[in-house]
Structure formats: structure tokens, C-alpha cells
Amino acid sequence: MATVRRDYYDVLGVSRSASEKEIKSAFRKLARELHPDVSQEPGAEERFREAAEAYEVLSRGETRELYDRFGHEGLRTGGFRPTQFDFSNIADLFSVFFGDELFGMGRGPARRGGRGSDLLAEISIELEEAAHGVVRSVTIPVDVTCETCQGSGAAPGTTPETCVRCGGAGRLQSVSASVFGQFVRTQSCPDCGGNGQILSTPCKDCRGSGLTTQERALEVEIPPGIHDGQRIRLSDEGHAGTPGGRAGDVYVLVRVRHHERFVRDGNDIVSSVDLTMTEAALGVQKKVATLDGDVELEFKPGTQSGETRVLRGRGMPVLQGFGRGDHRLLVNLSIPGNLTDDQRRLLEEFARSEHEANYKVDGSFFEKLRAAFR
């Protein structure tokens, strides 16, 4: 892993909107230049590892999305660990130069002992559920070890046979010449697909894959204070690995639905309360909605439109922390639009009697504006 955490897109020299093909092409170009068996530049091996790590992240949709959203820290908390290369194994070099994919991404059968694939699920919750926490169930199709053959892929009573062509290695090597000298090209064995074994009698239930698919219901505990777009990791709940390998993980994407009354601002909640012209002028006791239910507030005579009331500790909980944000309540003044003749006459009479002193209030407009964003 690179000691300096540079932006992965900068490492490969591509834009953030680069296609999968552009990312692969950029990595192959760098790999040819930087691999320590080829380059004599100081630090080439470290730069190659950095480029390989960048490619490993950006070439996979899930890790790329996680990195785009949360950067290096998001990858770390999401459980990502870069592949470690042993450069004494020349196969790493030729997999880059001649087409075998790195990081177990080839199209052939997975290597034995390989980790299972990760899964992504999505859950939608209400804002109130995000505030108080909730347990939800999600059902996903998961590949599990075949019970009939116990993951071997062979029919009961039979055993896999060692591939004659590769001698059980799963890979074939051939010598080729290049400007750098003689190189050994390593590729997956076409007879056994890289497994090193051939199934003369495949299991009928899994058709030789060693895996079957089943629906799995998972309980997801969503913590108070979670934000829209965050993910919850369920370790070892993903697809089963090949024999000897651990299962993948499930990442649950949490979507918090739009609320008709409340707007979330970090850990604060913002909403408005409507007062009529007379309520604002004369003062009123009024119930307002919060995440914890209705509370009754007193609005003094002369309350102005745009005033902000701050309800301390009535906002969202701090995720994996202590305390809660505030609830900021903005006063909205409702002006009557449909007046009867009597109402109009009374307002006109008031207008003739009003004077400047009726409208003197504490605080300037800009002070109230600043208060609304505190």
C-alpha cells in the first residue's frame, strides 16, 4: 500500500468520470512502465503498488462508489484491504501485460480458497426512524455452499480429478521473447478453468459450481442518527467463497425518505410554523411538531415573520456519538387574502389609527437573518 494517500484518479491519470475501459487502459500503461522487474527508476515498486491499489478500487463498481462518496476513510471503514503482491511471483507481471485479470476478476471459475463476492442491498426508512433507530429485515438472494456436494462440485460418491494438462496448478506457462528479454507468460488452464481439477461427474444440484442460490432474510439494525446514503456492513453474509475461503459481506445502503415537515441540516432539524397576522400581533399558544411529538410553545405579542426559535436537543442524534442537534423553528406569517366587507372595513379603520411606534421591534433584519442560520 502506498504510504502517501494520493487521489486514486490522480494516481492513474484519469478523470473522475472515466469509463471502466479508460481506467483499465491507464493502469496497464502504468504497470508496463513501473513494474519493478522492468523499471529501474527509484521507487518504481512502490508506485506500482499504488497504481495497482487505485485500479483495484476504481475497477469495481462498489468500491469505486464507496471511494467517490467517502474517500480513503470510507474504504477503510467499509473493510477494504488492498491486495498484497509478491513480486517474486512473475505471474503478477504477466497478468498485467498479457490479459489475465488481477484481483480474482477473471471470467473463469474462481480459484479455490477464494473469498466470496460482496452484495449490496437497499432499505428506505422514515426520518423519524433515522432519529430513533429501527430494526428492518431485508431479503436477498445469496450463493451458499451446495449441501449435496459440500462445495466440491462433484456428484456424491465421486471425487474431482487432477487436471492432466496443468498437473493441478490451474495455470499454464509459456516462454516468449520481448524487448526486455525472455518472459514467462502465465494464464489460466483452459481445461480446468484455473481450478486445477476436472469434474467427471458434476453435482446435479449445483451443476458443478459448488454453490446454490437461496433467499436469505437478514435483520439490519439501523442506528439512531444515520444519514441518507450511508451504508451498514454485515460481515460474512454475502456470497459463499470457494472451499477454504470466507464468505463476502453485505452492504446495506440506507435511504432516508423526504419528510413533508422537516428538513435535516447536519444533526439539526429545520421546520416552520405558520402564524396568522392576528396571532403574531396578539400572541398565542401553539402546538408545533418535533421528532419527539408535539410540543406547545408560547409566541409573544409582536412576533415577527422570519424569527427563529431554537429547541435545544430536539434534533437528530449524533451518529456513534453523544448528544443531539437542535430543532430550528422558523416563524412564517400568513396574510389573509380573502376578506369580507366587515373585515376590510375593520382593517382600514386600524390602518388609519396605526403609527410608526406600532412597528418598532427589537433587533435588525440582518440580526434576525443571522439568527436563522445559527
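Under 20 Å Cα-Cα from residue 287, which aspartates and glutamates qualify once same-chain neighbours fewer than 8 residues away are excluded?
Of all the aspartates and glutamates, those that pass the test against residue 287 - Cα under 20 Å, at least 8 places apart if same chain - are 128, 260, 268, 274, 279, 296, 298, 307, 326.
Given C-alpha coordinates of the range 221-343, what is the ratio Rg to Rh with the Kirkwood estimate of Rh?
Details: Rg = 22.5 Å, Rh = 17.9 Å.
Using Cα coordinates only, the ratio equals 1.26.
From the protein chains alone at 1.4 Å, what is the descending order of accessible area for 298, 129, largest first? Display every interim value, and only then the final one.
On the way: 298 110, 129 45 Å².
So, going from the largest accessible area down, we get 298, 129.
So if the hydrodynamic radius of the range 197-284 is defined as the Kirkwood radius over C-alpha pairs, what does Stokes-Einstein give as its diffusion coefficient at 4 °C and 1.567 mPa s, in µm² per second? Before the final figure, lay out the partial values.
Numbers: Rh = 18.6 Å.
Reported coefficient: 70 µm²/s.
Would you rank 57, 263, 144 by solvent-accessible area, highest first, keeping every protein chain in place and using a 1.4 Å probe? Walk me through the numbers on the way to the answer.
Values: 57 0, 263 85, 144 20 Å².
Final ranking, largest accessible area leading: 263, 144, 57.
What are the ³J(HN,Hα) values, in whole Hz, obtained from phi via the Karplus relation 6.51 cos²θ - 1.76 cosθ + 1.60 with θ = phi - 60°, for each residue of the range 313-328 in sequence order, with x given for Gly and Pro?
Each residue of the range 313-328 in turn: x, 9, x, 7, x, 7, 4, 6, x, 10, x, 9, x, 9, 10, 9 Hz.
Would you mind working out the accessible area per residue for the range 165-299, using a 1.4 Å probe, and quoting it in Å²?
Details: 7440 Å² over 135 residues.
Per-residue accessible area for the range 165-299 comes out at 55 Å².
Evaluate 2.2 N^0.38 Å with N set to the residue count of the range 243-309, then give the Cα radius of gyration divided by it. Please list the in-between numbers first.
Numbers: Rg = 21.2 Å, N = 67, 2.2 N^0.38 = 10.9 Å.
Output field value: 1.95.
The values are calculated or read from the model by the stated rules, or taken from the named source; none is laboratory data. The structure displayed is predicted, hence computed values, not measured ones. Calculation scope for accessible area: heavy atoms of the full protein, side chains included, ligands and nucleic acids excluded. Shrake-Rupley method; radii C 1.70, N 1.55, O 1.52, S 1.80 Å.
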